[in-house]
Amino acid sequence: MADRKIVDAKNTFCPGPLMELIANMKQAEVGDELAVLSTDEGSANDIPEWINKMGHEVIESSEDSGVWSIVVKKTK
Amino acid sequence: MKILIVGGGMGGTILANNLARKMRNELKSGKASITMLSASDKHMYQPGLLYVAVGKMNPSEMYRDQVSLLEPSIEFKVDPVTEFNLDDNNVRAKSGTTYNYDIIVIATGSCTHAEGTPGLAEYAEQFYTEADAVKMYKKLEAFEGGKVVVAVGVPHKCPMAPLEITFMLVDYFKQRGIWDKVQLHYTYPIGRTHSLEPVAKWATPEFERLGITYETLFNMKEVNENVVMSEEGTEAEYDLLITVPAHKGMQVIEDAGLGAGGFIPTDRKRLNMEGRDNVYVLGDTTNLPISKAGSTAHFEAEALAENIASMMTIGTATRDYDGKVFCFIEAGDGKATYAMFNYQNPPDPKAPTAGIHMFKTAYNKMYWASARGLL
Ligand SMILES: Cc1cc2nc3c(=O)[nH]c(=O)nc-3n(C[C@H](O)[C@H](O)[C@H](O)COP(=O)(O)OP(=O)(O)OC[C@H]3O[C@@H](n4cnc5c(N)ncnc54)[C@H](O)[C@@H]3O)c2cc1C
């Protein structure tokens, strides 16, 4: 399986989960998977929105006890 | 106990001064020593760059001699580190000297990485170094009207700077009497106008009131003459492009393999480098998912100073860093507000006021007391 890096953005407000993901995506290789952990409900929408706009892939999105886990794959 | 602090910026300086006061007796008796290695004999008040870029501060006002900010018991050397040998508890510096330590604190900061965006250095203005801020001001002075675009890279230090420069540009153009000839267009990497939702909720109607257009989910990919392209596939034409380029940590950090992009994996409460218990990281150099801001470095330094001092005296740390950040936000029109938050509590910024702007203006001078660890 490709590397899966955890981007732990729980309990942080600025720069926030999406900005953390954007920064981490820059360092990732094509094919890498990143799991963003977020306590911000908005992440469940704004991360997939950006991923789709960029043409990357959302692998899974789930919530457990207020923590959203959104796994994405860098495709280009 | 030899304490080595690498970096004489906001984080390193406050830490060194707080430690020197807490460990006065140990330093006096020779039981402990504090050495600071830095890359410059000058300390720059970086927020001053915003004002330099719009002609509201003379560059020389941004600097003090680093030695003048430090407690006399701190040994200070301008000798930038070139190699980190963490397994051997030493670093090698530019002079060729090897410095041994028992505890090391790394606070080398972050800097813009314009080269990561093709065309940016050639065509765009920036204001994150003195030379760039002065160049931007000269460009502004020669500008007679047209489309001005603000574009922002990720990550970047000072999360408020993109908004602040936008509102400061409005004031600048109004004061020059050419605001009616300017179309100001703001772009931002995520899906709202600022990373902090309450700040975005305040800024977006302000943009609409002032006639500033904006585009969100815009990550700079490439800059050409008169057009900037986004990773998302859109583009914005400009006559003048003002940018906050994406940042990196210092090259020496990346070269030493301490962290991708020059940012060191750091424990969010104890601030030790992950997997090491005598290596600590402060300020912009951490990989923590919090604002790269002077206030972050300041509050981290206060917590770490308490912990290092208590480890010396009672053998254990006593305090967690709680994620506290405090940022002023210059809102233009002689007003400002602020955002304060930590790991648990979101910010709740109030409407900008003239009083907070005056306080921020005063803080531009009070900063030096803060760096001395007195505020
Ligand atoms: C335009 C602008 C506006 C800003 N506005 C604000 C604001 O309003 N509020 C706010 O809180 N923050 C603001 N900031 C951010 C703030 O200045 C930084 O986040 C803060 O300085 C970070 O502190 P630091 O100690 O991590 O790094 P720095 O203060 O950058 O210090 C790094 C130090 O490391 C030294 N160094 C570098 N390489 C080496 C080496 N190899 N060996 C030894 N030493 C080395 C440097 O000489 C320097 O002394 C602003 C920044 C800019 C550029």
| Quick one: how many residues across segment A:14-25 are touching a Ser or Thr at 6+ places or on another chain (Cβ under 9 Å), within 7 Å of chain B (Cβ to nearest Cβ) and touching a residue at least 12 places away in the same chain (Cβ under 8 Å)? | 3
| field | Complete set of residues in segment B:349-375 that are touching a helix residue (DSSP H, G or I) at 6+ places or on another chain (Cβ under 6 Å) and either away from the ligand (no atom under 16 Å from the Cβ) or touching a residue at least 24 places away in the same chain (Cβ under 8 Å) (or both) | value | B:Pro349, B:Ala371, B:Arg372, B:Gly373
| When you go through A:Val67, A:Val71 one by one, which is the residue that is among the hydrophobic types (A, V, I, L, M, F, W, C), touching a residue at least 24 places away in the same chain (Cβ under 8 Å) and farther than 23 Å from B:Ala260 by Cβ? | A:Val67
| request: Of all residues in segment B:104-135, count the ones that are farther than 12 Å from B:Thr243 by Cβ, buried (at least 17 other Cβ atoms within 10 Å of the Cβ) and away from chain A (no Cβ under 14 Å). | output: 9
| Counting only residues that are near the ligand (Cβ under 8 Å from one of its atoms) and in contact with a strand residue (DSSP E or B) (Cβ under 7 Å, 6 or more places away or on another chain), which one in segment B:289-311 is nearest to B:Tyr321 (Cα to Cα)? | B:Thr296
| Is at least one residue of segment B:204-211 more than 16 Å from the ligand (Cβ to nearest atom), closer than 26 Å to A:Lys53 by Cα and within 14 Å of chain A (Cβ to nearest Cβ)? | no
| query | Restricting attention to segment B:41-87, and to residues there that are more than 9 Å from the ligand (Cβ to nearest atom) and touching a Lys or Arg at 6+ places or on another chain (Cβ under 6 Å), which single residue is least open to solvent (accessible area, probe 1.4 Å)? | reply | B:Leu69
| Which of the residues that make up segment B:323-340 are touching a residue at least 40 places away in the same chain (Cβ under 8 Å) and more than 16 Å from B:Glu164 (Cβ to Cβ)? | B:Gly323
| task | Name every residue in segment B:228-257 that is within 14 Å of chain A (Cβ to nearest Cβ), buried (at least 20 other Cβ atoms within 10 Å of the Cβ), within 12 Å of the ligand (Cβ to nearest atom) and not in a strand (DSSP E or B), in order of residue number. | result | B:Pro245, B:Ile253
| task | Go through segment A:26-52 and give me each residue that's facing chain B (nearest Cβ under 9 Å) and open to solvent by less than 10 Å² (accessible area, probe 1.4 Å). | result | A:Trp50
| field | Which listed residue, of B:Ala362, B:Ala297, B:Ala369, B:Ala331, is modelled with pLDDT of 95 or more, of a type in the set (A, V, I, L, M) and open to solvent by less than 50 Å² (accessible area, probe 1.4 Å) | value | B:Ala297
| Is there a residue in segment B:88-103 that is crowded, with 23+ Cβ neighbours inside 10 Å, within 11 Å of the ligand (Cβ to nearest atom) and away from chain A (no Cβ under 14 Å)? | yes
| task | Could you tell me whether segment B:278-285 includes any residue that is of a type in the set (Phe, Trp, Tyr) and not in a loop (DSSP other than H, G, I, E, B)? | result | yes
| remark: Filtering segment B:274-290 for residues that are within 14 Å of another protein chain (Cβ to nearest Cβ) and not β-branched (Val, Ile, Thr) leaves a count of 5
| task | Search segment A:1-13 for residues being assigned to a loop (DSSP other than H, G, I, E, B) and more than 7 Å from every other protein chain (Cβ to nearest Cβ), and hand back the single one that is farthest from B:Leu217 (Cα to Cα). | result | A:Met1
| Of all the residues that make up segment B:318-360, how many are small (Gly, Ala, Ser) and either within 12 Å of chain A (Cβ to nearest Cβ) or within 15 Å of B:Trp202 (Cα to Cα) (or both)? | 6
| In segment B:183-200, which residues are touching a Cys at 6+ places or on another chain (Cβ under 9 Å) and facing chain A (nearest Cβ under 8 Å)? | B:Ser195, B:Leu196
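The values are calculated or read from the model by the stated rules, or taken from the named source; none is laboratory data. Fair warning: this is a prediction, and the values are worked out from it, not measured in the lab. Please note: Cβ atoms are built from the backbone with ideal geometry, for glycine as well, and neighbour counts cover all protein chains shown. Ligands, DNA and RNA are stripped out before the accessible areas are found, and what is left, the full protein with its side chains, is counted by its heavy atoms. Shrake-Rupley method; radii C 1.70, N 1.55, O 1.52, S 1.80 Å.
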